[in-house]
Amino acid sequence: MTQDNPERRILIENDDKAAAIFGQARECEVVALDTEFMRVKTYYAELCLLQLALPDGRAACLDPLAVRAPSLGEGLFGLNGTLVVHSAGQDLEVLESSLDYVPRDLFDTQIAAAFLGYGDQVSYSNLTRQLLGVELAKGETRTDWCRRPLTEAQLDYAYADVEHLLELQEILVAQLERDDKLQWVRRACAELVERRPQENDQSVVSRFKGGGNVPVSRQALLRELVLWRERTARQKNRPREWIVSSADLVAIATKMPNTPEKLASMTSLNAAQIRRYSNALVDLVNAWEGEASERVIWLPRGELDVAQKALLKQMQKRVRSFCERMSISPTALVSRADLEALLTGRPGRLDAGWRRELIGDVLEELL
């Protein structure tokens, strides 16, 4: 691999070298991190490469297929400084599932950029272009990171993914301090970390799309089906849609097939799915058959009345105006779902915390 300085980029493929780089990283106030992973046939993403960059300009690629997981986990837990990541959500997920690691202190450059008006979910390459004038190669974005040996092109891409993070963080922090926004970014990053340790049932249910198409009286059944699928996908380490599709879960909750034969005729489940899962699905249906609940779990489509829709538009306009004045990406603060929750009195992210403090009064004026 071509390098200006052969000491600047380090490929680590054994525990001793991993311990050495982590020992040096432990003394740093900031450490940049990125991951490469694959998730095609599994529920959990497979960690394929872990990249670190230190303030002295060195970048390291640690190979999880060669370095033992305990060595990687212990090394990460030993870090004392702030972890700098771009768009950290998936990195946090794979680090937690693979190494049981959640950082203590995180700075997400994508979140920081959103608070400074650089765009909604700005990419790492776009941000390096805007702030550093650096053009990054895009050739390895869809590569097979599980295959060994890694090519020079793959390693070049992986090193570049962390080499500029600390310089970006330094620039972004200076601009956030100038605009008196650093406290909000720190709180937003802390919230991202705090949500990670254990995904609860509510977050699984909230993420499910299509629940609003199911009558309210059947939504409690759909909730149980969604949670059953989540447990099964985790246990088998297979994608959720490979277990039972979301469309079929909605069909089961709506039509309530109470025998395997009816389940086969009322859904698009194939023979293998019927063989593996029909008993569990039918048992869930039969446990709920005849029961009804008026508890709204998913807001049905068209639930907002005319007055509420008009008020929602006013709220969105108020958010856009506020964010334009503050040079903040609107989605960094609130989503449409946040506004609908506030409007309909359902629990949401605007009930408390930094979002409430920053924009709550602006929205309360309309309610």
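From the Cα gyration tensor of the chain, with a ≥ b ≥ c the square roots of its eigenvalues, which class applies: rounded if a/c is under 1.5, or else prolate if a/b is larger than b/c, or else oblate?
oblate
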| task | Give, rounded to the nearest 20 debye, the magnitude of the charge dipole that the range 108-169 has about its Cα centre when Lys and Arg contribute +1 at Cβ and Asp and Glu contribute -1 at Cβ. | result | 160
| query | Size of the dipole of the chain about the Cα centre, Lys and Arg at +1 and Asp and Glu at -1 on the beta carbon, nothing else charged, in debye to 20? | reply | 1540
| Dipole of the chain, positive end: most advanced residue of S321, N126, L33 [Cβ charges, Cα centre] | S321
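Would you order V134, V306, V319 from fewest to most other beta-carbon atoms within 10 Å of each residue's own beta-carbon? Intermediate values should be presented prior to the final figure.
Values: V134 15, V306 7, V319 21.
Lowest to highest Cβ neighbour count: V306, V134, V319.
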| Local charge sum around A60 (other residues, Cβ-Cβ under 13 Å, Lys/Arg +1, Asp/Glu -1)? | -3
| message | Using amide H atoms built in the peptide plane, which far-off residues or other-chain residues are under 5 Å from V102 H to H? | response | none
| task | Give the percent of DSSP beta bridges with both residues in the chain that are antiparallel, rounded to the nearest 5. | result | 50
| request: Can you list which of the trypsin sites (Lys or Arg not before Pro) found in the range 8-74 are DSSP loop residues with at most 15 other C-beta atoms within 10 Å? | output: R8, R26, R39, K41, R68
| note | In terms of the charge dipole of the range 133-280, which places +1 on Lys and Arg and -1 on Asp and Glu at the beta carbon, the residue among A158, S265, I252 farthest towards the positive end is S265
| request: For helix 246-255, report the angle its Cα long axis makes with the longest principal axis of the Cα atoms of the chain; keep it between 0 and 90° and round to the nearest 10°. | output: 20
| Taking the Cβ of I274 as the center, what net charge do the other residues with Cβ under 13 Å away carry, scoring Lys and Arg +1 and Asp and Glu -1? | +1
| note | Output ordering of 201-213, 222-234 (per-residue mean of other Cβ within 10 Å, highest first) is 222-234, 201-213
| query | Roughly how many debye, to the nearest 20, is the charge dipole of the range 1-83 about its Cα centre, given +1 on each Lys and Arg Cβ, -1 on each Asp and Glu Cβ, and no other charges? | reply | 220
| task | Report the one residue of Y44, I12, P70 whose Cα lies farthest in the direction of the positive end of the charge dipole of the range 9-194 (charges on C-beta: Lys and Arg +1, Asp and Glu -1; origin at the Cα centre). | result | Y44
| query | How do M315, M38 rank when sorted from fewest to most other Cβ atoms within 10 Å of their own Cβ? | reply | M38, M315
| If we count other beta carbons within 10 Å of each Cβ, what is the order of L150, L172, L366, L192, fewest first? | L366, L192, L150, L172
| task | Check each of the GluC sites (Glu not before Pro) in the range 305-367 and keep only those in coil by DSSP with at most 15 other C-beta atoms within 10 angstrom; list them in order. | result | E365
| In whole percent, what relative contact order does the range 306-364 give with Cα contacts below 8 Å and a gap of six or more residues? | 32
| query | Which chymotrypsin sites (Phe, Trp or Tyr not before Pro) in the range 1-108 pass both tests, a DSSP loop state and at most 14 other beta-carbon atoms within 10 Å? | reply | none
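None of the figures in this text is laboratory data; all of them are computed from the coordinates on show. Given the structure is predicted, the values throughout are model-derived calculations rather than measurements. As a convention, Cβ positions derive from the backbone with ideal geometry for all residues, glycine included, and neighbour counts pool all protein chains shown.
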